[in-house]
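The values are calculated or read from the model by the stated rules, or taken from the named source; none is laboratory data. Since the model is a prediction, treat every value here as computed from it, not as a measurement. Cβ coordinates were reconstructed from backbone atoms using ideal geometry, including for glycine residues, and neighbour counts include every protein chain displayed.
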Amino acid sequence: MIDAGPSLVETLTFRAGFNTSLVVAGTTLLGLAAGVVGVFAMLRKRALMADALSHATLPGIAAAFLAASWLGAEGRSMPVLLAGAVFTGVLGVLAIQAILRYTRLHEDAAIGIVLSVFFGVGVVGLSYIQANRADGSAGIDAFIYGQAASMQPSDVRLMAGIAIFGVLATALLLKEFTLVAFNDAFARVTGWPVSLIDLLMMALVVLVTVAGIQAVGLILVVALLIIPSVAARFWTERIWLLVLLAGVFGAASGYLGAVISSMLPRKPAGAVIVLTAGGVFALSLIAAPARGVIAASFRRLGLRLRIASDHLLEAAFERGDHLLSRAAVDDLATVRGWSTPFRVLLLFRLRLAGFVAGSTKAGVSVSPAGLARGQRVSRNHALWEQYLISDADIAPSHVDWSVDQVEHVLSDELIARLEARLAERGISVPAPAGHSS
Amino acid sequence: MSWPAFQFDVALDLFPMLAGLLAAVGCGLLGNFLVLRRISLMGDAISHSVLPGLVIAFLIATSRSPLAMFVGAAVAGIATVVLVELVKKLGRVEPGAAMGVVFSVLFALGVLLIESAAVRHVDLDADCVLHGQLETLFWTTPVQSWDEVFQLRTWTGYVIDPAVVNPETGEVVRSAIYHQGVPRQVVTLAVMVLAAFAFVGLLFKELRIAAFDPALATTLGFNASALHYALMVFVAAATVASFEAVGSILVIAMLICPAATARLMTDRLLAQIAWSLAFAIAASIGGYVAATAIPSMWGKEPVNAAGSMTVAAGVLLTLAIVVSPKHGLVVRAIRRRRLAASVALDDLLAALFRFAEQGEPKVPRARLAQLVPGIRLDRALGLARKRDLVTLDDGLVALTPTGLDTGGAIIRRHRLWETYLVEQAGVSPDHVHETAERLEHLPPQPDLPADTDPHGKAIPPGV
Amino acid sequence: MPELSPTAARRPTNLAERPEHSPDSPLSVHAMTVAYHRKPVLWDVDYDAPPNRLIAIVGPNGAGKSTLIKGCLGLVPRSSGQVEFWGRPHGEARSRLGYVPQRESVDWDFPVSALDVVCMGRYRRIGWCRPVSRKHKRASLDALDRVGMADLAKRQISQLSGGQQQRVFLARALAQEAELYFMDEPFAGVDAATERAIVDVLRDLRAAGRTVIAVHHDLQTVPEYFDDVILLNMRVVASGPVAEVFTQENLHQTYGGRLTLLAEAAEAVARAASGERAP
């Protein structure tokens, strides 16, 4: 079909022949819908329920095929097969709920049971068709791993139609879905039909799953639902942006995955699409500015630096000398566990903030602003210590340790309240003596 | 339609059945701890995500060497657990979603690797990963009879084949040693099952505490997380030992279904393990036989045996949900019915006692029907007469002496409750009757030094 | 299957006992029993809330305080009993009810802002599928302003302190513009500033003729913050104006161990109902 070899660029720009372009467009739309719908499966904590659902579609596909050909119709008619898939998919979800309701088993076991047993029924059905029908399984086992490349234009149109419907429905019901996912009890009290909204949410998951099984395969379609939304979560705290980004990530995975796989010999579109989504996820996990790992470790480093610089300035203030000797800094570093690179960073930060005027072989020269800051820290320390001893009944010998954790994060409002509280009890903490500033 | 037919053929059926059985037993044993710790889906995740580990091990070792496969699977298994933890912690992602992300990406990687390997005609197939190749495990040694089964050479496989002579040329074509005794997969599975039993047997105490309360286990000095990883390694090993023969779907089913079924049968861990093993054995043998026998009723070809075993496990679970003697729906319904009957009986006796108190020992049935609703009255009367508590004579119901005692005890409980509710629970007297009405049927009984209830009625003496 | 709630077996004659509720009572609970897993948690509760009061529900842990609110609002199934609002069933009074759930009941790491949460109080007014219009946004901002959080409207909810989160929930209830408010532990784990803000809001609500029923933990502040009190321990031990009901003796009865037999009976009911034999 397309083995004549359209180039990567041609495929990327939809110029690689009608069929390939159609498939690429279809998986892009599918990815968009899966990403958008998946956001609420994730927020409602139903990611693995969706997994069970997609596995549970297999017996429906086999049964629909058998039923259709028994009635003399064309077994491999896509709408018939997908109707069967919807039927047993929903049956699987109901089975999970029945197990939870009528037995003492927990959700994890219920999902695992439905997933494996329904899939087992499907495997039996497929092998029955394979062994007993002259036309064999007629390619319906392609649903397990998906076969995007062999999709017909009508299949793609059906998939695209479902995908567009899914996106539009989610857009319309964004407000309701958000409410139920965040706080279903409140939704119920204010008169929203929570079960109905839940049902709509699940119905969209079913639709997208069923639309995706032909292209991505029923084992991996759940990945397309979960991964884009989990990845998008790293980038934003806004629900509409989350939905948008999940859609974009899903669409990008569908698009790139289909294009790349069309270049590969056996065109394993499902696997490549999921791996592309996995790549987006890994990138988000590491590099996203809002919740990514790098951003988080920078924030932690920033806090450590702030605390360390407080310690250093406090030490300088308490020694009453603007020059903190090298030996004193070494001592601090040993006690506080500062590594050499950390010390370099620390001094850099202190100079940047104007707390340190310069550092020589003799030691660190603290600026007046630095000493003032040291005085504030020292006073906070004393205040908190006093409070712990007088109000919280903590033994004086234990005080220093807990003070160290807290003194750097006190807000000005809290300090004012601390002073008021101690004043009420007739305790005043004078500004500690030291270098006058 | 004809009778189900299944002809056991040693050469064709012994090893597939044995492989299914071993896989079911090994996974079923380990599954107990997954289900108890509510991490069943970790088994699901691992059995998906060992795939890339296997394929990579295969590509490096260029053979299906069991050792390479085990290393690959164990590494993939641990990687899954570690990655799920990482994604959960670093990404603040909910456990289910974290698991979903990790295992689907790893599985996709495995599928891609297999597909690219398949291009180079390497003997790996994505389909067999799911439903295995049980049917290919037949005995290549020509076993003709049961006698041969019990000969060592048949098992070791070193059967010296008589030289095959080309009848036309008289040339010796092959003087071969059949090197096919017990299929490698079955040996691997047997080793896995032994190892799993050794693991559970040696660490039973620790596993039990860790399953019940991981925090407690840690304070007691067991390293719960090391135990967790060890369990996961065994699950990965069970997966890899099983998957070639039975496919990953049976692995997931056997990790979860037998243990879940056993949960419905008993509350004790040892008994649960025993039940789960019994269910695993029953599902694997039953499933295997059914795969051939049931289609044969319509003259059809056998279906996939691993799938059929999974279905059998599901059928057993469904049966347990319905008829388990401890937690089954039927038993619960029967107990509720019995309870309803005994409540109705109590109501009847109490009513008769009250009538007797007011000097009316014989009560027309119709008057009782106002107090105990129709159907329940019939059952209650039947029960009471069977137990010789009342007599029914010409439409008049009367208590026998035993009935009088029983009725008195019920009324005593009722009035004691009323007294308790008024005096201690601060319920207003005009309100206590209904509550006492429910409580009088239950074992706890207030111990009060009272002679009369809040309505001024005498409390009958205790027996 | 027999209903095993303590009141289910009422005979027809007893139904006549039912008192007539005055239609201006915002909440009338009659013979309400609530069971979790068939174990009764609330037992035969009768209560009529006086209008335009601040009412505290007080009682020990496990007394069923949250359950009382949830049972009234239909969030947990009632085994028996009726609940009416202004003499009408729940369905007809829904738009007049406000609700502040327990703070721990939701996932605060949810991708919405404080203003988004408050707007949820207006969703029912807005209706299906329609976006939040500027008018409703303004009303929500006003509600946030009343709890002193207008400047944090755009803040993501996980970045708020516990007290601020509680105030967001309160603002959401205010945005509902209800007449009867149910609040589940509004003061639990909040800072002093929030406590003051909540008390101010409660007094404003009373001044505007509203009624508030709140689960409260801190016995010391009951007389200061509330007008009425419901002393609850599986059943209503006493209820009425704080001055009359909030007595040492009633408190002792609510918190004392004299009701253990009732708890034991509840266990027995649960066991019997689940079909297990009594030990």
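Going residue by residue through region A:98-109, is there one that turns out to be more than 30 Å from A:PRO228 (Cβ to Cβ) and more than 10 Å from chain B (Cβ to nearest Cβ)?
The initial filter retains those residues of region A:98-109 that are more than 30 Å from A:PRO228 (Cβ to Cβ), namely A:98, A:101-105.
Subset that is more than 10 Å from chain B (Cβ to nearest Cβ): A:101.
Yes: one or more hits.
Only one of A:GLY191, A:GLY161, A:GLY139 is under 30 Å from B:MET297 (Cα atoms) and either assigned to a helix (DSSP H, G or I) or among the small types (Gly, Ala, Ser) (or both); which? If you could, list the steps in order and put the result at the bottom.
Values: A:GLY191 fails: under 30 Å from B:MET297 (Cα atoms); A:GLY161 fails: under 30 Å from B:MET297 (Cα atoms).
None of the other options fit; the residue is A:GLY139.
Looking at (1) modelled with pLDDT of 95 or more; (2) within 20 Å of the chain's Cα centre (by Cα), which is the one condition that is false for A:LEU168?
All conditions are met except number (2).
Conditions tested, residue by residue: (1) assigned by TED's automatic domain parsing to the domain that holds B:ILE78; (2) in contact (Cβ under 8 Å) with a residue 12 or more places away in the chain; (3) buried (at least 24 other Cβ atoms within 10 Å of the Cβ).
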| site | (1), (2), (3) |
| --- | --- |
| B:THR239 | yes, yes, yes |
| B:ALA245 | yes, yes, yes |
| B:VAL251 | yes, yes, yes |
| B:MET254 | yes, yes, yes |
| B:ASP267 | yes, yes, no |
| B:LEU270 | yes, no, no |
| B:SER276 | yes, yes, yes |
| B:PHE279 | yes, yes, yes |
| B:ALA282 | yes, yes, no |
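Conditions tested, residue by residue: (1) over 30 Å from A:SER284 (Cβ atoms); (2) surrounded by fewer than 18 Cβ atoms within 10 Å (Cβ to Cβ); (3) within 14 Å of another protein chain (Cβ to nearest Cβ).
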site	(1), (2), (3)
B:ILE60	yes, yes, no
B:SER65	yes, yes, no
B:ALA68	yes, no, no
B:ALA74	no, no, no
B:VAL81	no, no, no
B:GLU85	no, yes, yes
B:LYS89	no, yes, yes
B:VAL93	no, no, yes
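Checking C:ASN61 against (1) buried (at least 22 other Cβ atoms within 10 Å of the Cβ); (2) modelled with pLDDT of 80 or more; (3) not hydrophobic (A, V, I, L, M, F, W, C), which test does it fail?
So the condition that C:ASN61 fails would be (1).
Does at least one position in region C:181-189 carry a residue that is surrounded by fewer than 20 Cβ atoms within 10 Å (Cβ to Cβ) and free of Cβ contacts under 8 Å to residues at least 24 places away in the same chain?
no
Residues checked against (1) modelled with pLDDT under 90; (2) of a type in the set (A, V, I, L, M); (3) within 25 Å of A:ALA223 (Cβ to Cβ):
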| site | (1), (2), (3) |
| --- | --- |
| B:ALA11 | yes, yes, no |
| B:LEU22 | no, yes, no |
| B:GLY26 | no, no, no |
| B:PHE33 | no, no, no |
| B:ILE39 | yes, yes, yes |
| B:SER65 | yes, no, no |
| B:PHE70 | yes, no, no |
| B:LEU83 | no, yes, yes |
| B:LYS88 | yes, no, yes |
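Is it true that A:ARG266 is within 24 Å of the chain's Cα centre (by Cα) and either at pLDDT 90 or above or of a type outside the set (A, V, I, L, M, F, W, C) (or both)? Lay out the reasoning, then the answer.
Details: within 24 Å of the chain's Cα centre (by Cα): no; either at pLDDT 90 or above or of a type outside the set (A, V, I, L, M, F, W, C) (or both): yes.
So A:ARG266 does not fit the description; no.
Just checking, which of B:PRO429, B:PRO373, B:PRO449 is over 45 Å from the mean Cα position of the chain (by Cα) and either in the same structural domain as B:ALA340 (by TED's automatic domain parsing) or modelled with pLDDT of 85 or more (or both)? So that I can check it myself, show each step before the final result.
Details: B:PRO373 fails: over 45 Å from the mean Cα position of the chain (by Cα); B:PRO449 fails: either in the same structural domain as B:ALA340 (by TED's automatic domain parsing) or modelled with pLDDT of 85 or more (or both).
Just one listed residue meets the conditions, B:PRO429.
Please tell me if B:ALA274 is in contact with a Cys (Cβ under 8 Å, 6 or more places away or on another chain), more than 10 Å from chain A (Cβ to nearest Cβ) and at pLDDT 95 or above. Break it down stepwise before answering.
Details: in contact with a Cys (Cβ under 8 Å, 6 or more places away or on another chain): no; more than 10 Å from chain A (Cβ to nearest Cβ): yes; at pLDDT 95 or above: yes.
No; evaluated as a whole, the condition is false for this residue.
What helices (runs of 4 or more DSSP H) completely inside region A:1-57 contain at least 3 residues that are in contact with a helix residue (DSSP H, G or I) (Cβ under 9 Å, 6 or more places away or on another chain) and surrounded by fewer than 24 Cβ atoms within 10 Å (Cβ to Cβ)?
Numbers: elements: A:8-12, A:18-43, A:47-55.
Filter on region A:1-57 gives A:8-12, A:18-43.
Residue check: is B:LEU227 in contact with an Asp or Glu (Cβ under 7 Å, 6 or more places away or on another chain) and either in the same structural domain as B:GLY20 (by TED's automatic domain parsing) or not aliphatic (A, V, I, L, M) (or both)?
On the way: in contact with an Asp or Glu (Cβ under 7 Å, 6 or more places away or on another chain): yes; either in the same structural domain as B:GLY20 (by TED's automatic domain parsing) or not aliphatic (A, V, I, L, M) (or both): yes.
It is true that B:LEU227 is in contact with an Asp or Glu (Cβ under 7 Å, 6 or more places away or on another chain) and either in the same structural domain as B:GLY20 (by TED's automatic domain parsing) or not aliphatic (A, V, I, L, M) (or both).
Give the residues of region B:358-373 that are more than 14 Å from every other protein chain (Cβ to nearest Cβ) and not aliphatic (A, V, I, L, M), sorted by residue number. Outline the logic, then answer.
Taking region B:358-373 first, the residues more than 14 Å from every other protein chain (Cβ to nearest Cβ) are B:358-366.
Correct list: B:GLN358, B:GLY359, B:GLU360, B:PRO361, B:LYS362, B:PRO364, B:ARG365.
What do you reckon, is C:GLU177 within 20 Å of C:PRO50 (Cα to Cα), out of contact with any strand residue (DSSP E or B) (no Cβ under 6 Å at 6 or more places or on another chain) and within 14 Å of chain A (Cβ to nearest Cβ)?
Details: within 20 Å of C:PRO50 (Cα to Cα): yes; out of contact with any strand residue (DSSP E or B) (no Cβ under 6 Å at 6 or more places or on another chain): yes; within 14 Å of chain A (Cβ to nearest Cβ): yes.
Considered against the rule, which asks whether it is within 20 Å of C:PRO50 (Cα to Cα), out of contact with any strand residue (DSSP E or B) (no Cβ under 6 Å at 6 or more places or on another chain) and within 14 Å of chain A (Cβ to nearest Cβ), C:GLU177 comes out as yes.
Within the bounds of region B:453-463, is there any residue that is at pLDDT below 70 and over 20 Å from B:PHE355 (Cβ atoms)?
Filtering region B:453-463 down to residues at pLDDT below 70 leaves B:462-463.
This time we only want the ones that are over 20 Å from B:PHE355 (Cβ atoms), so: B:462-463.
The answer is yes, given that some residue of region B:453-463 is at pLDDT below 70 and over 20 Å from B:PHE355 (Cβ atoms).
In region C:180-201, what residues are closer than 25 Å to C:ARG94 by Cα and outside any helix (DSSP H, G or I)?
If the condition is that a residue be closer than 25 Å to C:ARG94 by Cα and outside any helix (DSSP H, G or I), then C:LEU180, C:TYR181, C:PHE182, C:MET183, C:ASP184, C:GLU185, C:PRO186, C:PHE187 are the ones that fit.
Test A:LEU199 against the criterion of being more than 14 Å from chain B (Cβ to nearest Cβ), free of Cβ contacts under 8 Å to residues at least 24 places away in the same chain and assigned to a helix (DSSP H, G or I), and give yes or no. Full working, then the answer.
Numbers: more than 14 Å from chain B (Cβ to nearest Cβ): yes; free of Cβ contacts under 8 Å to residues at least 24 places away in the same chain: yes; assigned to a helix (DSSP H, G or I): yes.
It is true that A:LEU199 is more than 14 Å from chain B (Cβ to nearest Cβ), free of Cβ contacts under 8 Å to residues at least 24 places away in the same chain and assigned to a helix (DSSP H, G or I).
Can you spot a residue in region C:80-88 that is crowded, with 17+ Cβ neighbours inside 10 Å and more than 30 Å from C:THR221 (Cα to Cα)?
For region C:80-88, residues crowded, with 17+ Cβ neighbours inside 10 Å and more than 30 Å from C:THR221 (Cα to Cα): present.
Of all residues in region C:100-114, which are more than 10 Å from every other protein chain (Cβ to nearest Cβ), free of Cβ contacts under 8 Å to residues at least 60 places away in the same chain and surrounded by fewer than 24 Cβ atoms within 10 Å (Cβ to Cβ)? Spell out how you get there, then give the answer.
Pass one, region C:100-114, residues more than 10 Å from every other protein chain (Cβ to nearest Cβ): C:103-104, C:114.
Okay, now just the ones that are also free of Cβ contacts under 8 Å to residues at least 60 places away in the same chain, so C:104, C:114.
Hit for region C:100-114 is C:GLU104, nothing else.
Working only within region A:353-377, note down all residues that are modelled with pLDDT of 85 or more and of a type in the set (S, T, N, Q).
Passing the criteria: A:SER365, A:SER367, A:GLN375.
Check B:VAL233, B:VAL289, B:VAL303, B:VAL251 and return the single one that is away from every other protein chain (no Cβ under 13 Å) and in contact with a Phe, Trp or Tyr (Cβ under 7 Å, 6 or more places away or on another chain). Working first, answer last.
Numbers: B:VAL233 fails: in contact with a Phe, Trp or Tyr (Cβ under 7 Å, 6 or more places away or on another chain); B:VAL303 fails: away from every other protein chain (no Cβ under 13 Å); B:VAL251 fails: away from every other protein chain (no Cβ under 13 Å).
Going through B:VAL233, B:VAL289, B:VAL303, B:VAL251 in turn, just one is away from every other protein chain (no Cβ under 13 Å) and in contact with a Phe, Trp or Tyr (Cβ under 7 Å, 6 or more places away or on another chain): B:VAL289.
For the structure I just gave you, tell me whether B:LYS326 is of a type in the set (Lys, Arg), more than 7 Å from every other protein chain (Cβ to nearest Cβ), within 30 Å of B:ARG379 (Cα to Cα) and over 16 Å from the mean Cα position of the chain (by Cα). So that I can check it myself, show each step before the final result.
Values: of a type in the set (Lys, Arg): yes; more than 7 Å from every other protein chain (Cβ to nearest Cβ): yes; within 30 Å of B:ARG379 (Cα to Cα): yes; over 16 Å from the mean Cα position of the chain (by Cα): no.
No.
If you check every pair at least six apart or on different chains, which have Cβ atoms under 7 Å apart with a residue in region B:29-56 that is more than 8 Å from chain A (Cβ to nearest Cβ) and in a helix (DSSP H, G or I) first and a residue that is surrounded by fewer than 24 Cβ atoms within 10 Å (Cβ to Cβ) and basic (Lys, Arg) second?
Hits for this filter: zero, empty list.
C:LYS135 - would you say it is part of a loop (DSSP other than H, G, I, E, B) and either at pLDDT below 90 or not acidic (Asp, Glu) (or both)?
Details: part of a loop (DSSP other than H, G, I, E, B): no; either at pLDDT below 90 or not acidic (Asp, Glu) (or both): yes.
Spelling it out, it is not the case that C:LYS135 is part of a loop (DSSP other than H, G, I, E, B) and either at pLDDT below 90 or not acidic (Asp, Glu) (or both).
If I ask for residues that are surrounded by 12 or more Cβ atoms within 10 Å (Cβ to Cβ) and of a type in the set (D, E, K, R), which ones from region B:369-401 would you list?
B:ARG376, B:ASP378, B:ARG379, B:ARG385, B:ARG387
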